[in-house]
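> Handing you this structure, nothing more for now.
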Amino acid sequence: APDARQGRGMFKEFMRSPGVQRFIGNRLADYLSLVGRTSRWAYEPADCLERIEADLPLIFAMWHGQPFMVPVIKPRRWRSKVMISRSRDGEINAIACDRFGIGLIRASGGTTAITCSVNSPNPGCER
């Protein structure tokens with residue numbers, strides 16, 4: 001049905017507009033901040049952050065959506081960056097991470113992602 005396809009296309013275009021992406025990204029950051037402030041966190045072993053700090057810098061590998069745990073579980077004094085796709089859809093995640101002060105590496109997959117991670121900061125990779 002042409003009308004249904006046209007409606008989906010209009011919705012996609014609406015969702016990818018910069019203003020809508022900023023709104024959703026900021027609301028996502030607000031929600032995650034609330035969850036972080038109202039959750040009880042337990043670290044096992046209790047001194048794991050001190051143990052990890054001795055080995056900084058580190059690279060953590062996480063599945064999609066998990067970078068949002070970074071500002072909640074790490075001490076604020078630790079700098080961090082997350083890799084987020086350069087796609088228009090990745091922009092919402094990038095906006096939310098930016099609100100938390102997390103550095104961004106905009107790349108995904110393959111050689112580009114590895115190069116950006118190793119050579120960061122690199123003007124072609126940073127936001």
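> Compute the distance in nm between two label points, each set 7 Å from the Cα along the Cα-to-Cβ direction, one at Phe23 and one at Glu44.
Using points 7 Å along Cα→Cβ, the separation is 4.3 nm.
> Loop only by DSSP, 15 or fewer other Cβ within 10 Å of the Cβ. Give me the trypsin sites (Lys or Arg not before Pro) in region 25-60 that pass, ordered by residue number. Please report the intermediate quantities before stating the final value.
Details: sites: Arg27, Arg37, Arg40, Arg51; in loops: Arg40.
Those satisfying the criteria are Arg40.
> Pulled fully out, how much extra length does the chain show between Lys74 and Asp89, if you take 0.36 nm times their separation in residues and subtract their Cα-Cα distance? Walk me through the numbers on the way to the answer.
On the way: separation 15, 0.36 × 15 = 5.40 nm, distance 2.59 nm.
Gain on stretching Lys74 to Asp89: 2.8 nm.
> Which loop chymotrypsin sites (Phe, Trp or Tyr not before Pro) in region 1-59, with loop taken from DSSP, have no more than 10 other Cβ atoms within 10 angstrom of their Cβ? Don't jump to the answer; show the numbers that get you there.
On the way: sites: Phe11, Phe14, Phe23, Tyr31, Trp41, Tyr43; in loops: Trp41, Tyr43.
Here the sparse-neighbourhood loop sites are Trp41.
All of the numbers you see were taken from the coordinates with simple rules; none came from a lab. Since the structure is predicted, the reported quantities are computational estimates derived from the model, not experimental observations. Note that we place each Cβ from the backbone using ideal geometry, even for glycine, and neighbour counts take in every protein chain shown.
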